[in-house]
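Visitor: My questions all concern the structure below.
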Amino acid sequence: MEIENREIILPVYSALELDRDEGKAIEALKARCSQPIPDPDRWIEEELQRNVLITTVDAVLNWSRKYSPWPMFFGLACCVFEMISAASLRFDMTRFGMDIMRPSPRQADLMIITGTLTWKMAPAVKMIYDQMAEPKWVIAMGSCAISGGPFADSYSVVPGINRIMPVDVYVPGCPPRPESLINGVVMLQQKILKDSIRRSKNG
């Protein structure tokens, strides 16, 4: 096998020619770079805007709490029949996230007090309220629960359950209709949305 030896002759440039060619390349580059190049990472921001939901811990937590209050069945007098009607098929309180009435304070975060509260019953109601886990809310339904109603002057009746526990929503009436209780639940949901984990419920 024969290998041909060929002589490679490279062109020789003078320093002046090299400087001139380099100057042309720089001028051409300057002409192409008169405007800034768009940020190559801009697509990342657009992708985030299309696919990422930015929110706060408060918003997510309160949204989940708003649509999942677990009410405790706590009927003291005649207003309880209106509460039962609100949970029945006709009014269907479940539409607003309030599902099955809970029999235990450890499974509930909403207490709906309906009817007349006597001083003899008050310690038991307060104990059950204290057993509920935070965050917890209270709805006072009916005139008797709100202010004692027609029995407010009686020695044995508590003139409003706010004497023994904080109340978040008052639903007036004697008795209030099921729609009124549902409206009270909606008001409570709006109140829950404004809450923050940075402060306590009563702080």
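Visitor: What pairs can you find where one residue is in region 54-71 and acidic (Asp, Glu), the other is modelled with pLDDT of 70 or more, and their Cβ atoms are less than 8 Å apart, with a gap of 6+ or different chains?
Guide: Going by the 8 Å Cβ cut-off, the qualifying pairs are ASP58/ASP195.
Visitor: Another question about this same structure. Among the candidates VAL138, VAL125, which residue alone is farther than 20 Å from ARG95 by Cα, surrounded by 19 or more Cβ atoms within 10 Å (Cβ to Cβ) and out of contact with any Gly (no Cβ under 9 Å at 6 or more places or on another chain)? Please lay out each step first, then the result.
Guide: On the way: VAL138 fails: farther than 20 Å from ARG95 by Cα.
None of the other options fit; the residue is VAL125.
Visitor: Scan SER147, SER143 and give me the residue that is small (Gly, Ala, Ser), in contact (Cβ under 8 Å) with a residue 12 or more places away in the chain and under 17 Å from GLU82 (Cβ atoms). Explain how you work it out, then say what you get.
Guide: Numbers: SER147 fails: under 17 Å from GLU82 (Cβ atoms).
One residue alone meets the criteria, SER143.
Visitor: Applying the selection to region 97-110, what residues are surrounded by fewer than 17 Cβ atoms within 10 Å (Cβ to Cβ) and either assigned to a helix (DSSP H, G or I) or of a type in the set (Asp, Glu) (or both)? Write out each step before concluding.
Guide: Kept after step one, since they are surrounded by fewer than 17 Cβ atoms within 10 Å (Cβ to Cβ), are these residues of region 97-110: 97, 99-100, 103-104, 106-107.
Once the filter is applied, which keeps residues that are surrounded by fewer than 17 Cβ atoms within 10 Å (Cβ to Cβ) and either assigned to a helix (DSSP H, G or I) or of a type in the set (Asp, Glu) (or both), region 97-110 yields ASP99, ARG106, GLN107.
Visitor: Name every residue in region 91-127 that is without any contact (Cβ under 8 Å) to a residue 24 or more places away in the chain and of a type in the set (Lys, Arg), in order of residue number.
Guide: ARG95
Visitor: Only one residue in VAL171, VAL157 is surrounded by 15 or more Cβ atoms within 10 Å (Cβ to Cβ) and at pLDDT 90 or above, so which one is that?
Guide: On the way: VAL157 fails: at pLDDT 90 or above.
It is VAL171.
The values are calculated or read from the model by the stated rules, or taken from the named source; none is laboratory data. Because the structure is predicted, anything quoted here is derived from the model rather than measured. Neighbour counts are summed over all protein chains in view; Cβ atoms, including those assigned to glycine, are modelled from backbone coordinates with ideal geometry.
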